[in-house]
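Here the structure is laid out as structure tokens; the discussion comes afterwards.
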Amino acid sequence: MKSTSIFQPGRPRALGERGERIPLDPTIPALLPPEEKRRHRKQRLAASFRIFAHFGFDEAAAGYIMARDPIRTDCFWVNPFGMSFKQIRVRDLCLVDFDGNVVHGTWSVSHSASNIFTYIKDTRPEVVCVAHGHTMYSKAFASLHRHLRPLTQDACIFFEDHGLCIDEGHGVANNSDEGKRIAEAIGPYKAAIVADHGIFTVGQSVDEAVFWYVSLEHSCQAELIAMAAGDPKPIPEHVARKLRGQIGFPLAGWYSAQPMFEWILAEQPDCLEEE
């Protein structure tokens, strides 16, 4: 059975029935009945994997995006382990408890996801979504063992707002020590660069976390290109801090993600299939 997004993919939400402008409202999902709130979150999650696939953020079985369940708060939704991001639909998502047990779904899931989210859920109760992939430019940048510099306005989103972990890791995050290490790197921030692993982003909505991930990956790319071209000059700290305050807060992340979600839902509506 095909499904329709509550936001009607393919139709600009900025216009009403008579052509009047309607502001995008991130509070709508929170006002939905519990089952509809869950449905909406799963739709955004399924669409997120298609967005990641569009940008080439999928690599073999690596990576995941996970979102807390709004009804069973001891569980989260995540992608089936080994399924291509290009094919994931709402019906494929797995509900997993924080011990890594699949509560709903027919596939196995990444134990790394539950190990990381287990620590984040206690220290960051406002976090709804965590995104991670083995993406080209962030992997390369992470090998530099340093923070991203505020070279562009987009990079200023993460100025003084991303963690850095350069401690020796323990391989994939299939054990609690590695999950704790990554969660500690994220700390109070919206993102983290983990030297042997790449980047992680978090958000108060799926949309926000996904946009932060796309923006951080592209900011890593921009800095690597600038370094290859010459000696890039950072934006002054006081300006970078001001820019972060203007474009780096949760609502800005949610809003910036909307064009991506509108496009992918219009282009690939099969991601909404529930049965």
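No lab work stands behind these numbers, since they all come straight from the coordinates. Here the structure is a predicted model, which is why all the values come from computation and not from measurement. Counting neighbours? That spans all protein chains shown, and the Cβs are built from the backbone with ideal geometry, glycine included.
Taking a ≥ b ≥ c as the square roots of the eigenvalues of the Cα gyration tensor of the stretch 55-202, is the shape rounded (a/c under 1.5), prolate (a/b larger than b/c) or oblate?
In terms of gyration-tensor shape, prolate.
Between rounded, prolate and oblate, where does the stretch 190-242 land on the alpha carbon gyration tensor, with a ≥ b ≥ c its root eigenvalues, rounded for a/c under 1.5, else prolate if a/b exceeds b/c?
Cα axes put the stretch 190-242 in the oblate bin.
Can you show me the helix-derived [θ] at 222 nm for the chain, built from DSSP H runs with n ≥ 4 at -39,500 (n - 2.57) apiece and divided by the number of residues, rounded to the nearest 500.
When only DSSP H runs of four or more count, the value is -13000 deg cm²/dmol.
Provide the gained length on full extension for the span Asp99 to His147, in nm with one decimal, where the gain is 0.36 nm per separating residue minus the Cα-Cα distance.
14.1 nm is the gain from fully extending Asp99 to His147.
I'd like the FRET efficiency for Trp107 and Asp196, computed as 1/(1 + (r/R0)^6) with the beta carbon distance as r and R0 of 30 Å, rounded to 0.05.
My answer for the efficiency is 0.65.
How many Lys pairs in the chain lie less than 21 angstrom apart by Cα atoms, where the lysines are 8 or more positions apart or on different chains?
Lysine pairs satisfying the spacing and distance rule in the chain number 13.
Taking 0.36 nm per intervening residue step and subtracting the Cα-Cα distance, what contour gain separates Ser84 from Glu237 on full extension?
Full extension from Ser84 to Glu237 adds 51.0 nm.
If you stretched the chain out fully between Ile225 and Ala266, how much longer would it get, using 0.36 nm times the residue separation minus the C-alpha to C-alpha distance?
Taking Ile225 through Ala266 to full extension adds about 11.5 nm, to one decimal.
Only Lys, Arg, Asp and Glu count, each charged at its Cβ (+1, +1, -1, -1), so figure out the dipole size of the chain about its Cα centre, rounded to 20 debye.
Computed about the Cα centre, the dipole is about 580 debye.
Is the chain best put as rounded, prolate or oblate by its Cα gyration tensor, with a ≥ b ≥ c the root eigenvalues, rounded for a/c under 1.5, and otherwise prolate when a/b is larger than b/c, oblate when not?
Judged from the Cα gyration tensor, the chain comes out oblate (a/c at least 1.5, b/c at or above a/b).
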